[in-house]
Structure formats: structure tokens, C-alpha cells
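The structure appears right after this line, and notes come after that.
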Amino acid sequence: MAHQRILILDFGSQVTQLIARRVREAGVYSEIRPCTVSLSEIKAFGACGMILSGGPASVHENFSPRVDAGIFALGLPVLGICYGEQLICSLLGGRVTPGTTREFGRAQLEVVEDSSLTHEIWKKGQQPQVWMSHGDKVDQLPPGFTVIARTESAPYAAIADEARRIYGLQFHPEVVHTPDGARIIARFVREICGAEGDWTMGAFRSEAIAAIRAQVGNKKVICGVSGGVDSSVVAKLLHEAIGDQLISIFVDTGMLRLKEGEEVHRRFVEEYNIPLTYVDASMLFLQRLSGVSDPERKRKIIGETFIEVFEHEASQFPDAAFLAQGTLYPDVIESVSFHGGPSVTIKSHHNVGGLPARMKLALIEPLRELFKDEVRALGEALGIAHDLVHRHPFPGPGLAIRIPGDITREKLELLRKADAVYLEELRRHGLYDKIWQAFAVLLPVRTVGVMGDARTYEYVCALRAVTSTDGMTADVFHFPSDILHAIAVRIVNEVRGINRVVYDITSKPPATIEWE
């Protein structure tokens, strides 16, 4: 796609993806590459500017990640963030040393000089809040650089070489804890790099449809539909591009939420006029999960069974040539990221396994350039209902990982009912869209309770709700006590088999947001 582009070089930061998202939020297309790419590859990318990410290494150590210093001779604007700033200084003649005081968390800057990077955002003398995460410090600037801002521990917290359009920030502008950070990144890519801001989902939709038609021709495409945001957007986009050449298959694993299978079928057939092959394989999944308690074994069984069922259904369409997948850009990044840091994580709880090569279908991945928020925007542009586009994430293994211990039909039914009450109350109180992910968990514990004149011995249900602005970190959602009480009362009163409700108040990173 012929858009102006920003190249982001990854040095192992766990929040490198956020840099790309902030650039795209400014209407500019961006891609992440590992810092090990060659200078010729960087030139071939055709960027209008570059951003060097943070990372866990120290530039003064042997074997720390580097980039070819020739990037500074390309005439492109460069922004270095944290490790990126330190690397700029190290490569251009400055000095970086181990700090005597580390800075982690919120910090107050002192703006000491005006700059093109912070123009109309900060003024000299202001003390804005930023987010720091570093142990080393720059203690000598390269020739041509001036200081923009400082802290007590970081005398060169923001630096600039205006003549060469090279800038460095010791803090992280990409995280929400730096309130003005997104504006700084937007100013860099729009004003300093001169990008016009032509990256929109309206433009992407038209370009993607043209690309799909060119790739597919008159052949047929099989698309696995889960009812989630990604697969629904893929199916709708493909149907708009190739119409009846699309074959959509939905496998009901029996691990879905209440009436979810019926709802997916209704939406596709009645609302979107997309034919859907509906496969009820719930009995098979339940049989194979019988007596299995280990969570990783559950995932493997579900993955293997899903592949078996899907492959059988796909074989009914021998003239199909393509398989559509809802691969997103974070998946692509994880496969190419610099492996010297924590930016690559294992998220097996989301996955049910890949499809076998023996299916001999060429892949088509129309969303592989998009982040989740962009997929949602594309879904809205395609006319998909708001409640589906903005539904909470739901893992591939489904309710199986929300029932610790063995899986039974009884437990599934209890959890479906409790979860449905929970989500219904969130919507009724206008909280659903304020929460990134909420779900109920059926604990492998029974407690004695007294309800009216009868004694009960029933299961305990746990409720979880977290907020997130970027999907990279999550914090507990703080419920008003009266609403949480109302939810608990409804579950206990309406779901026979549950007599106690607890609320999980822990905050976790995304790799463990789902219940284990």
C-alpha cells in the first residue's frame, strides 16, 4: 500500500508495539523491524522517518544491540526512546554510563529549552509528568545536540539536534502514563517527518478489497468463523470483496458462552447475508475433555480436536484454494521481533493450534497489517454491529480455561448462566464498554450456605474485570459496591448450583489476563 511510512526499529522493549500504535493513531502507517536489519533493508523500506525503541540492554556492555550508524547519513528524521536515545548518543560521540540512581515510574521533567519536537506541547519552564524506566544515563551529549528537558537523575531527559532532525527522549512517550506522549509522537511523524496522515480505515478497506480480488481471482476461500471480532471482520471484508466465493465455517466446541452459537449463525445469515456452515461438535469436545484437569492439556485437546473437525468440514469443499485467517499485526511482530528482550511472549492460553500443511490451501490474511483497535474501526466501517465489534476478548479454548479442574456439562451450564448474568448487568449499568475484559470463573470449590430455610452445598463463582487502554497491561476495574453486590445477588438467586460469589482484585499483564 502506497502510504508514507515510519520505520520503528525494535531493541527488545516490551512496549515497542505501543510506539507503532501511537504513530498510527496520528494517521501515519508504521511497521516494526528488528534492530538487526541491514542498512540496505532500511533504505529499501522507504520510510519518511525512523524511531528507535527502548530495550533492556546497556549500550556500554559488550554485545548490546546496535544499528548501523549509517542511518544518520540517510537524511531522515530520527527519534530515539530510552535505550534508543542512549544508542544515538553512543553512536554519535556522546557518552552513556551506568546510573547511580535508577528511575522507574512517574517523574517530573523540567523543560529547559523550546524544540521543534515539543512545540505547542511544552514551553520552557513547564514541569510535565512523564514515565521513566532506565538505569543508565547519558552524561555527555554528542556534538550538535542541545538539552530540551531534564530531571534530577537524568540531566539529558530530552535532547535535540535540530539541524539533522535527530531527537532523543529518556522517558517513554508511547505509554499512557506520559500524558503528552502521544502528542509528541504525532508531532514527530506529522510535522518533523512531514507525513500527511493518510492512514485511515476507509482507505484501508478499499485497498484491502482490491488486494483480495487480485489475490483470489475466481477461486474460493474458506474462512473459519469464531464469532469474535477478528474472524467476523475477516469474513465480512472477504464477502464484500468476493461474495459467494467465500465459504464460512463455524465450529461449535461447546465451550462457548450462553447462546453464542445461535447468535453467530443469526448474525451471519440474517444480518450480513453471509452463508455459514454450522458444525455442532460439542459432544465430541466434551467427551475428549472428560476427566482432564491440567489446563495445558485441555488446550492441546481442544486444539487437536478443532483442527480435526475443521479439516473434515473443509474437505467438503475440494475446489477451495485459500484459507483466510485473522492474523493481526501483533502476531506478525512477535514472529520478527528482536529476541534480546521481553517483547516476545508466550500466549498459549489464547491459541488452539494452527491448521496442518496437508490442507494445501494458500493463506490469505487481510488483517495482518492492523492492530486490534484498527480492526474494530474497520468492522464499524464495514457495518458490523457495535456490540460485536466492541465485544470483550474471548480465548480460543473458551470456557475450558475458566473452569479450573475437570470439565463437565453441569459446570459448563452453571458458568454460562453466571457469565450471562454478569455481562447483562454490566451492559445494564453502562459499564461493558468501560471494561476491556470481564468474565466469570467457576472455581473447583463448594461451600456450605443457608438460603432461606434450606442448607446448600454449591459452587463458588469468581468474577474478573480489567481495564486496559493498549492491551499490553491491565488493571483491576473498581466496581461501585452497590453494582457488584447486585451482580452477586442475581447470580446466587438465579443460578441454582452457585451459592457464593467473589471478586478477583488482582492486576496482571496480558499473558495472564485469562484465568489459568
* Asked: Which FRET efficiency value, to the nearest 0.05, do you get for GLU113 and HIS485 by plugging their Cβ-Cβ distance into 1/(1 + (r/R0)^6) with R0 = 56 Å?
  -> 0.55
* Asked: Can you pull the three principal axis extents for the Cα set of the range 98-175, in Å, largest first?
  -> 31, 26, 22
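Distance cut-off 19 Å, Cα to Cα: go down the list LYS298/LYS411; LYS259/LYS372; LYS300/LYS360 and report the pairs above it.
LYS259/LYS372; LYS300/LYS360
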* State the volume of the convex hull built on the alpha-carbon positions of the chain, expressed per residue in Å³ and rounded to an integer. => 168 Å³
* Cα centroid distance between the range 110-127 and the range 276-301, in Å? -> 58 Å
* **Theoretical ellipticity at 222 nm over the chain - DSSP helices of four or more residues, -39500 (n - 2.57) apiece, nearest 500** => -9000 deg cm²/dmol
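For ILE301, what is the net charge nearby, where nearby means another residue's Cβ is under 15 Å from its Cβ and Lys, Arg count +1, Asp, Glu -1? Numbers along the way, then the final one.
Details: positive: ARG288, ARG297, LYS298, ARG299, LYS300; negative: ASP294, GLU296, GLU304, GLU308, ASP406.
That works out to 0.
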* Asked: How high is the relative contact order of the range 123-182, given as a whole-number percent (alpha carbon pairs under 8 Å, six or more residues apart)?
  -> 32 percent
* Given Cα pairs under 8 Å that are at least 6 residues apart, what percent is the relative contact order of the chain? -> 12 percent
* Structure fact -> Shape descriptor, the range 81-138: equivalent ellipsoid semi-axes (Cα gyration tensor, sqrt 5λ, whole Å, largest first) stand at 22, 16, 9
* Just the Cα atoms of the range 192-347, one point each, no solvent: what log10 I(q)/I(0) does Debye give at q = 0.12, 0.14, 0.21 Å⁻¹? -> -0.68, -0.88, -1.37
* **Cα-projected label distance for GLU263 with THR408, points at 7 Å along beta-carbon direction, nm** => 2.7 nm
* Structure fact -> For the chain, the dipole about the Cα centre with charges only on Cβ (Lys and Arg +1, Asp and Glu -1), to the nearest 20 debye, works out at 420 debye
* To do: Give the calculated FRET efficiency between ASP504 and ASP331 to the nearest 0.05, with a Förster radius of 25 Å applied to their Cβ-Cβ distance.
  => 0.35
* Asked: If only Cα atoms are counted, what is the Rg of the range 359-443, and what is its Dmax, in Å?
  -> 16.4, 49
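Coordinate-derived values only; no laboratory data. Keep in mind that what you see is a predicted model, and the values were worked out from it rather than measured. When we count neighbours, we look across all protein chains shown, and the Cβ atoms used for this are built from the backbone with ideal geometry, even at glycine.
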